[in-house]
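Please read the structure below before turning to the comments.
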Amino acid sequence: MTKEEAATAVPDPATDPRTRVSDRVADRILARIASGEWPVGQRLPGERQLAEDMGVSRVSVRAALQTLKTQGLLDAVQGGGTRVVANAACMDASLAQLVRANHETLADLAEIRGQIEVWAARRAAENATEANLAELAEVMAATEADIAAGKHKTENDIRFHLAVAKASGSTVYMHVMGVFRGILQQMLDYHRYEMFPTPEDDQTILGHHRAIVDSITKRDPDQAAAAMSAHLGWVVARYRTVQSRRNGTA
């Protein structure tokens, strides 16, 4: 190979030392994300600080960040910087398409949530910090106030389920919820303004949420799991009732 060819050749990832360093940096960033040090939504330190912390060049850090952005694990922040995201783009878009085509697919998603969120409620009762409990209490207070004022139903429901997810202490589960977040917005909009629109429904859901939070606060994993199961079981039962009526009419 001539000098000119060597200068323009694409480096081989298996032999290029810069590539190996950036891969190692990416692995270390992933490890800190997986440990919960940098959860979903967390803004990462700047390139200079990361380079100093890891004893590498900013070029290697920049390459590692770009790799993780390409994989959908990081995203650029408006105004500069990088934050952790779930790899949600493809999955969330395809789920949204299914829901737009047929709202009955939401019943299946509700049943799936009934499995994983029961697990999360149990874990939250075991692992919730005082800060997590304070956040849950604040969400409940906001929910009660907004129900009384007739506003922000969906937003508070999303906040509630994400607060339970955070209290579980599971980075993996937080990423799962990050994947579902977009479709969860559509799902809860449908719940709160079409399937459960009445003041009686508002009070039922509020009671379910309060039972879950009370169980988590009391550090009772079995009771927390049972309360979440009762809540989402009620949701699924309403879906099935609506489906039966539609099928009967058809």
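Taking a straight Cα-Cα cut-off under 15 Å and skipping sequence neighbours fewer than 8 places away in the same chain, the aspartates and glutamates within cross-link reach of residue 69 are 23, 27, 47.
With both labels modelled 7 Å from their Cα along Cα-to-Cβ, the residue 200 to residue 58 distance reads 6.4 nm.
Taking the average, over residues, of other Cβ atoms within 10 Å as the packing measure, peptides 26-33, 239-246 rank 26-33, 239-246 from highest down. Close amide H partners of residue 82, meaning residues 5 or more places away or on another chain with modelled amide H under 5 Å apart, are 44, 77.
A short reminder: the numbers here are calculations on the coordinates, not readings from a lab. Please read all numbers here as calculations on a predicted model, not as lab measurements. As a convention, Cβ positions derive from the backbone with ideal geometry for all residues, glycine included, and neighbour counts pool all protein chains shown.
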